[in-house]
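Everything below concerns the one structure shown next.
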Amino acid sequence: MKILYGVQGTGNGHTTRARIMARALKEEGVEVDWVFSGRAPEDYFDMDTFGSYRCFRGLTFVTEHGRVNYPRTILSSHLRTLYRDIRSLDVSGYDLLINDFEPVTAWAARRAGLPSIGISHQCAFMHQIPKRGENLFVRAFMRQFAPVEHAIGLHWHHFNQPILPPLIEPSQYPNECHAKEYLVYLPFAQPEDIVPQLRAFPDTRFYVYQPVPKPIDEGHIQIRPFSREGFQADLHRVEGVICSAGFELPSEAIQLGKKLLVQPVVGQMEQQSNAFALSQLGYGAVAQVLTEKAIGDWLAMPRARPVDYPNVAQALARWLLNDRKPAFAQLRDELWRQVPEPEAKVNLERASASAQP
């Protein structure tokens, strides 16, 4: 089987998920070609796993100071370029498209009649899971941004829906917990949106990852350039994580037992919904505005307990390649049986009851 795999390049969560699936598919001996869009080619890093991957402009949200800028998003969309890229992408010779919320490959596959499967957190929003900020426009956007024939959603809990647990990369670092050490990753904010609040806690060390050319030492605040190895080493060492309400990094933090404080991007339904779900499941605290008080209250909270998720990527790769594959419901049930139920039972019931269709 030869697979074309399309990946949304905005942020780093989609790429992290792609790395996990790349290893699982390689272990099964599958030939995979990779396509990324949504980020300038020079802004990708640590991409050796994907070989000679291709890049397209694609579509992405423009954010400023932690808020979606819709006018700039529309102006930067370049729909004519998107249409040209979809028409120019040759998908003949492939048996299957796997797609992680990437529009060029999704629409090219639909145009050519290539079978397609979506594997992403965004696919979970097609089901009745906890949501915030959804409306008819957002619902249509989530379904049509990168359309696929079969959508496999990923989430921190099943919510009695046909979705799977998160994809977590096997770790090569010991999982430690150094008291009063925290990782800060808010990719849609600038240092001036973050650092002033952290100065109020001089007895606490913060490792702040930002797009800076070299490390900046501000005493207890260490601003560091993006580095996959450095980031993972810090993640495994710290007591907790302050981050946006994406999916992949909170998933890693939950698995490692790092306490979470998330700041969702304003105007972004997925992040608002993720923040709500984390709070209701008891997996993290939420700060709509990252104030000194919000940080201080969170620092005083007790440490988190690890949630051991199974090797979903391996199970999913084997299921995809099985000519006589069992029903998806069987795969789902087998994987969720290995995940402990959240302790926040009452909140979970409320979250499920408030899920929007």
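The values are calculated or read from the model by the stated rules, or taken from the named source; none is laboratory data. A quick note: this is a predicted structure, and the numbers were derived from the prediction, not measured. Heads up, the Cβs are rebuilt from the backbone with ideal geometry, glycines too, and the neighbour counts pull from every protein chain shown. These accessible areas exclude ligands, DNA and RNA; they are computed on the full protein's heavy atoms, side chains included. Shrake-Rupley method; radii C 1.70, N 1.55, O 1.52, S 1.80 Å.
Output the pairs from Lys2/Lys131; Lys258/Lys325; Lys214/Lys293; Lys259/Lys293 with a Cα-Cα distance over 24 Å in this structure; if there are none, say none.
Table pairs above 24 Å Cα-Cα are Lys2/Lys131; Lys258/Lys325; Lys214/Lys293.
Of all the accessible heavy-atom surface of the chain, with the other protein chains kept in place and a 1.4 Å probe, what percent is carbon and sulfur?
In the chain, the share of accessible area belonging to carbon and sulfur is 51 percent.
Based on the Kirkwood radius over alpha-carbon pairs, what is the Stokes-Einstein translational diffusion coefficient of the stretch 108-156 at 20 °C with 1.002 mPa s viscosity, in µm²/s?
184
Relative to the Cα centre, what is the charge dipole magnitude of the stretch 222-329, using +1 at the beta carbon of each Lys and Arg, -1 at the beta carbon of each Asp and Glu, and rounding to the nearest 20 debye?
Dipole size: approximately 240 debye.
Treating the Cα atoms of the stretch 257-327 as identical point scatterers in vacuum, please give the log10 of the normalised Debye intensity I(q)/I(0) at q = 0.12 Å⁻¹, two decimals.
-0.50
Once the cut-off is 13 Å, how many percent of the Cα-Cα pairs in the stretch 288-336 end up in the long-distance tail?
Here the long-distance tail beyond 13 Å is 70 percent of all Cα pairs in the stretch 288-336.
Going through the stretch 175-227, which GluC sites (Glu not before Pro) have at most 15 other Cβ atoms within 10 Å and a DSSP loop state?
Of the GluC sites (Glu not before Pro), the ones in loops of the stretch 175-227 whose Cβ has at most 15 other Cβ atoms within 10 Å are Glu176.
Could you tell me how many cubic angstrom of Cα convex hull volume the stretch 176-217 has per residue?
Roughly 88 Å³ of hull volume per residue.
The stretch 229-353: percent of C-alpha pairs farther apart than 20 Å?
Value for the stretch 229-353: 53 percent of Cα pairs lie more than 20 Å apart.
Specify the angular offset, from 0 to 90 degrees and rounded to the nearest 10, of the alpha carbon long axis of helix 312-321 from the longest principal axis of the alpha carbons in the chain.
0
How far is helix 79-88 tilted off the main Cα axis of the chain, in degrees rounded to 10, range 0 to 90?
The two axes meet at around 50 degrees.
In whole percent, what relative contact order does the chain give with Cα contacts below 8 Å and a gap of six or more residues?
Relative contact order for the chain comes out at 17 percent.
What does the convex hull of the Cα atoms of the stretch 202-294 come to per residue, in Å³, rounded to a whole number?
Spread over its residues, the Cα hull of the stretch 202-294 gives 111 Å³ apiece.
Among DSSP bridges having both ends in the chain, what percentage is antiparallel? Round to the nearest 5.
10
How much accessible area per residue does the stretch 72-165 have, in Å², with a 1.4 Å probe?
Here the residues of the stretch 72-165 average 45 Å² of exposed surface.
At q = 0.10 Å⁻¹, what log₁₀ I(q)/I(0) does the chain have when each alpha carbon counts as one equal point scatterer in the Debye sum?
Log10 I(q)/I(0), no solvent term: -0.61.
List the trypsin sites (Lys or Arg not before Pro) in the stretch 313-345 that DSSP assigns to loop (not H, G, I, E or B) and whose Cβ has at most 16 other Cβ atoms within 10 Å. Which are they?
Passing both the DSSP loop test and the Cβ count: Arg324, Arg337.
Nearest 10 degrees, 0 to 90: what angle lies between the long axis of helix 269-281 and the longest principal axis of the chain (Cα atoms)?
Approximately 60 degrees, to the nearest ten.
Using Cα-Cα distances under 8 Å and only pairs 6 or more residues apart, what relative contact order does the stretch 214-356 have, in percent?
Contact order relative to length: 20 percent.
In nm², what is the average projected area of the convex hull enclosing the Cα atoms of the stretch 109-227?
Average projection, Cα convex hull of the stretch 109-227: 11.8 nm².
Place a +1 charge on the Cβ of each Lys and Arg in the chain and a -1 charge on the Cβ of each Asp and Glu, then give the dipole magnitude about the Cα centre in debye, rounded to the nearest 20.
With only Lys, Arg, Asp and Glu charged at Cβ, the dipole is about 780 debye.
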